[in-house]
Amino acid sequence: MSYADTLFINMCRDIIENGTSTEGERVRPKWEDGTYAYTIKRFGVVNRYDLAKEFPALTLRRTALKSCMDEILWIYQKKSNNIQDLNSSIWDEWADETGSIGKAYGYQIGVKSQYKEGMMDQMDRVLYDLRNNPYSRRIMTNTYVFADLSEMHLYPCAYGVTYNVTKKSGEEKLTLNMVLNQRSQDVLAANNWNVCQYAILLMMVAQCCGMLPGELVHVIADAHIYDRHVEIVKELIERPAYEAPRVSLNPKITDFYAFTTGDLLVEDYVTGPQVKNIPIAV
């Protein structure tokens, strides 16, 4: 099985067997029928994925990798907060009549600030530093901007990315690593989606900066399984698993802003059946 399968299975078992329940507590999320959505949760889950070894896609069920990339492009390349720029319906629940999700995600990435090198937004600053000062310990993006929270239709879940460069012995190229910080995660609906998204982002940034993709470290403050997801998760983690797919990018693309989902190459992705009609708490 893929290493992502192993981590996912172990994480889910740990949450179910050792997690704490929010049942009966004051919680915000509700199901579509108005019932409060309780969870079993674990605090401070940390998973590490080495992209030099394999791409971290689940095989227990299929993760829509091109859709993952599309959302990443929406946030970090298009720097958009409007669902009309997104080729899926995952944000429809939080969009207003104009398609906006407020001052969230891509909006924050696109805000420009004055640096001594000139005006740059968050993503442009990352690319500038990786090319000009790769060993800086200050290369990061952040979408959790307190001053704008009241104007966001949903507070960011995966909010902070830190880039860190290392040089492996015997390698001519530098290795680019990433820490993804997430305040909250619906493990069934979003875990591998987020992992694959940021693995693809890491690959894109590494390629356009002439580096090799290295480790993705995923830090989740509140990793939870919703009450109506528990039986689905139990069935999912008992399924047979397969080898990780081979995932790469079109090697001709060296401009971060030139990538499209057509540049994501996925081979030998064998999976179990999709889990359909997952109830989503809002």
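The values are calculated or read from the model by the stated rules, or taken from the named source; none is laboratory data. Note that the structure is a prediction, hence the values are computed from the model and not measured. Glycine also receives a Cβ, built like all others from the backbone with ideal geometry; neighbour counts cover every protein chain displayed. Accessible surface is based on the protein model in full, side chains and every heavy atom, while ligands, DNA and RNA are left aside. Shrake-Rupley method; radii C 1.70, N 1.55, O 1.52, S 1.80 Å.
The table for this structure:
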read-out	value
The range 26-52, residues that are assigned to a loop (DSSP other than H, G, I, E, B) and of a type in the set (Val, Ile, Thr)	27, 35
Candidates 154, 60, 127, filtered to the one that is touching a Phe, Trp or Tyr at 6+ places or on another chain (Cβ under 8 Å) and modelled with pLDDT under 95	154
Subset of the range 31-63 that is farther than 24 Å from residue 17 by Cα and among the basic types (Lys, Arg) - its residue that is most open to solvent (accessible area, probe 1.4 Å)	53
Selection from the range 84-94 of residues that are at pLDDT below 95 and open to solvent by less than 60 Å² (accessible area, probe 1.4 Å)	88, 91
Considering residues of the range 1-25 that are in contact with a strand residue (DSSP E or B) (Cβ under 7 Å, 6 or more places away or on another chain), among the small types (Gly, Ala, Ser) and not in a helix (DSSP H, G or I) only, the residue surrounded by the fewest Cβ atoms within 10 Å (Cβ to Cβ)	21
Residue ranges of strands (runs of 3 or more DSSP E) in the range 201-282 with at least 3 members modelled with pLDDT of 95 or more and more than 27 Å from residue 184 (Cβ to Cβ)	246-249, 264-267
Residues being in a loop (DSSP other than H, G, I, E, B) and within 30 Å of residue 239 (Cα to Cα) - total across the range 53-86	12
Counted residues, the range 96-133 - those being on the phi > 0 side of the Ramachandran plot and touching a residue at least 40 places away in the same chain (Cβ under 8 Å)	2
Failed condition for residue 259, given (1) in contact (Cβ under 8 Å) with a residue 24 or more places away in the chain; (2) surrounded by fewer than 16 Cβ atoms within 10 Å (Cβ to Cβ); (3) under 22 Å from residue 67 (Cβ atoms)	(2)
Pick from the range 126-155, criterion open to solvent by less than 80 Å² (accessible area, probe 1.4 Å) and aliphatic (A, V, I, L, M), ranking: nearest to residue 282 (Cα to Cα)	154
Test: residue in the range 174-191 that is more than 17 Å from the chain's Cα centre (by Cα) and touching a residue at least 40 places away in the same chain (Cβ under 8 Å)	yes
